[in-house]
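The values are calculated or read from the model by the stated rules, or taken from the named source; none is laboratory data. All values derive from a computational prediction rather than experimental measurement. Glycine gets a Cβ as well: all are built from the backbone with ideal geometry, and neighbour counts include every protein chain shown. The protein model used for the area step is the full one, side chains on, heavy atoms only, and it has no ligands, DNA or RNA in it. Shrake-Rupley method; radii C 1.70, N 1.55, O 1.52, S 1.80 Å.
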Amino acid sequence: MRVSACGICRTDLHVIEGELAPKKDLVIPGHQIVGTIDRLGAGATKYAPGTRVGIPWLHKTCGKCPYCRSGRENLCDAPEFTGYTVDGGYAEYVVAPEGFVYPIPDGFDDLQAAPLLCAGIIGFRCLRVSGIGRNGNLGIYGFGAAGHVCIQVARHWGSNVFVCTREEKHRRLARELGAAWCGGAMEQPPVKLDAAIIFAPAGELVPAALEALGKGGVLVLGGIHMSPIPSFPYPLIYQERSIRSVANNTREDGHAFMRIAAEIPIHTEVQIFSLEEANAALKALKHDGIRGAAVLAISPRN
Ligand SMILES: [Zn+2]
Ligand SMILES: [Zn+2]
């Protein structure tokens, strides 16, 4: 695939800074890749050259393990991940198996589509497992690329969204996107939450978020890495509150999310960098300096 755009994800920082154990030397990061198919490998028949597609984090699964065979390929025992175990999209060309790429809906330009591929899909899986629905109260902790897409789906589903984040500019974006209330990272929302999602990689948010949950509430941890979670008193999780993490996504999550993204339609707020500026973009992300999602414009068509 000839790369048009590649979104920057916090996971790229975890890969680069070694918070995730290295799997490949000198790996090219990037797993929110939009581009056009340039050439087909032997046996590839699903898409014609010239088709615009997206390549996500889940590069390949084994198809044979108990998880793959029970509809939980996100938990595959022998997975490959784009920009981690295989080279990713901070590049002009990239290779992927045809079964693991998504057609990009018309209506999104290349740069706007890039953050849908991880921030969007993972945020969507978090929403699904949170069980939130119409009139439910949802908390979002950390309001970067995933949060700003997730709120749009949650609002579309008729949920009320309460956003906790330390940066005022992130609170401003949350308000623009329909948050019912915005507060500081550890602040308690004015109502009890039915579910909450933590996107920030900060374990100290877990007790604060549990405290914000009503009885039977679900706390979803959306990141691949989190700093240690401090101990907390049992009453915070008693009354059938639960904590669960989200790991990767299934292809079904990806296709379902792409459909809903086009239907809403999702508007992604993007901050554009050139490929040469990748390090500056990563640094800005690390210091909460990105409004919405950072995207590398490599050779965008539009
Ligand atoms: Zn990601
Ligand atoms: Zn498997």
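One residue alone among Gly99, Gly7 is closer than 26 Å to Val246 by Cβ, under 16 Å from the mean Cα position of the chain (by Cα) and touching a residue at least 40 places away in the same chain (Cβ under 8 Å), and that residue is Gly7. Just to be sure I understand the filter: pairs with C-beta atoms under 6 Å, separated by 6 or more residues or on different chains, first member in region 189-217 and more than 18 Å from Gly136 (Cβ to Cβ), second member aromatic (Phe, Trp, Tyr). Which pairs pass? Close Cβ pairs (under 6 Å, with a partner that is aromatic (Phe, Trp, Tyr)) amount to Ala200/Tyr141; Leu205/Tyr141; Pro207/Phe232.
Let's see how each residue does on (1) open to solvent by less than 40 Å² (accessible area, probe 1.4 Å); (2) more than 17 Å from the chain's Cα centre (by Cα):
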| position | (1), (2) |
| --- | --- |
| Val220 | yes, no |
| Ser231 | no, yes |
| Glu240 | no, yes |
| Ser245 | no, no |
| Glu269 | no, no |
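Residues in region 247-264 that are open to solvent by less than 60 Å² (accessible area, probe 1.4 Å) and part of a helix (DSSP H, G or I): Asp253, Gly254, Ala256, Phe257, Met258, Ile260, Ala261, Ala262. Residue under question is Ala284, and the condition is that it be part of a helix (DSSP H, G or I) and not basic (Lys, Arg); does it hold? Criteria met by Ala284. Note on region 120-202: enclosed strands (runs of 3 or more DSSP E) holding 3 or more residues that are within 17 Å of the chain's Cα centre (by Cα) are 137-141, 193-198.
Residue count for region 169-206, restricted to those that are surrounded by fewer than 18 Cβ atoms within 10 Å (Cβ to Cβ), of a type outside the set (Gly, Ala, Ser) and more than 16 Å from Ala293 (Cα to Cα): 8. In region 21-65, the qualifying residues are those that are of a type in the set (S, T, N, Q) and either free of Cβ contacts under 8 Å to residues at least 40 places away in the same chain or more than 18 Å from Leu116 (Cβ to Cβ) (or both), and the one that is least open to solvent (accessible area, probe 1.4 Å) is Thr61. Do we have any residue at all in region 66-85 that's over 30 Å from Glu263 (Cα atoms), at pLDDT 95 or above and away from ligand 2 (no atom under 16 Å from the Cβ)? Looking for residues that are over 30 Å from Glu263 (Cα atoms), at pLDDT 95 or above and away from ligand 2 (no atom under 16 Å from the Cβ), one finds at least one in region 66-85, hence yes.
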